[in-house]
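Working notes for the structure below.
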Ligand SMILES: NC(=O)c1ccc[n+]([C@@H]2O[C@H](COP(=O)([O-])OP(=O)(O)OC[C@H]3O[C@@H](n4cnc5c(N)ncnc54)[C@H](O)[C@@H]3O)[C@@H](O)[C@H]2O)c1
């Protein structure tokens, strides 16, 4: 099994892509800690797949200290928790901007900083979930795009600092993945993604399980020479640019 004997903490794993990664990691032999603020869904998933659950608001320094303080070793951290917020730049409130930055960007920083002491002796792998919005801009997503670019940058700083401890750090850049994140950000309304998806080389939304395959590769020793890298999983979204005919 590809994660045999490894201990992995996945944030935002109560549902969506994090839940798919948790399922996959357990199937590959890892001891998984699901960390989320959605306690009901997180506990239910943990009970179903044989994982542990911890309440963790990733934007809270105290919460990270509490959760990592219970561990004496960690092999894998997946900084997956994230939120999306749509609004035009002039209408984006400071409170909304700071909320997104706190969870996506500060949460990833705190996560990486918190686990270094748990990985220094044995090495480890940190997988930071950014987005195609960490590679290029999307209108109406100023806070989200800023946070995802920051994740891409801090991944590279961590990689060059931590390589000497055999800690690898990579970022993952999903495109349109079929989860409830977009719907939630639109106040529970479904949106027809068909016109957008038709522009992709692979003309459909991605599945959370497909992202889990990439996260698994980066978490496992199979990616032992990968660090500081940015891995797109977007059906080809980032392979083209705005001048291309649709
Ligand atoms: N779905 C997409 O199309 C897509 C595309 C690119 C990147 N991403 C990124 O992938 C990651 C997972 O997204 P998803 O689509 O599975 O979303 P999702 O909304 O289904 O899941 C996000 C999870 O994060 C948790 N969460 C929110 N705030 C938290 C906090 N403060 N502390 C801990 N947990 C918190 C939620 O409870 C939820 O379980 C996110 O970082 C997102 O930005 C998603």
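The values are calculated or read from the model by the stated rules, or taken from the named source; none is laboratory data. Quick caveat, the model's predicted, so the values are computed rather than measured. All Cβ positions, glycine included, derive from the backbone under ideal geometry; neighbour counts span all protein chains shown.
Counting only helices (runs of 4 or more DSSP H) wholly contained in region 86-195, the ones carrying 3 or more residues that are farther than 26 Å from residue 66 by Cβ occupy 94-100, 142-162, 181-185.
Can you say whether residue 230 is within 14 Å of the ligand (Cβ to nearest atom), touching a strand residue (DSSP E or B) at 6+ places or on another chain (Cβ under 7 Å) and touching a residue at least 40 places away in the same chain (Cβ under 8 Å), as far as the supplied structure shows? Yes; evaluated as a whole, the condition is true for this residue. Based on what the data block shows, is residue 21 under 22 Å from residue 147 (Cβ atoms), within 8 Å of the ligand (Cβ to nearest atom), under 13 Å from the mean Cα position of the chain (by Cα) and outside any strand (DSSP E or B)? Judged against the criteria, residue 21 is not a match. Considering 58, 78, 32, the condition of being modelled with pLDDT of 95 or more, buried (at least 21 other Cβ atoms within 10 Å of the Cβ) and away from the ligand (no atom under 13 Å from the Cβ) is satisfied by 32 alone. Whether a residue is buried (at least 21 other Cβ atoms within 10 Å of the Cβ), touching a residue at least 12 places away in the same chain (Cβ under 8 Å), away from the ligand (no atom under 13 Å from the Cβ) and in a loop (DSSP other than H, G, I, E, B) was assessed, and residue 3 passes this test. Among the residues making up region 107-137, those that are farther than 18 Å from residue 18 by Cα and within 10 Å of the ligand (Cβ to nearest atom) are 133, 134. Scanning region 43-55 for residues that are touching a strand residue (DSSP E or B) at 6+ places or on another chain (Cβ under 6 Å), surrounded by fewer than 21 Cβ atoms within 10 Å (Cβ to Cβ) and in a helix (DSSP H, G or I) returns a single hit, 43.
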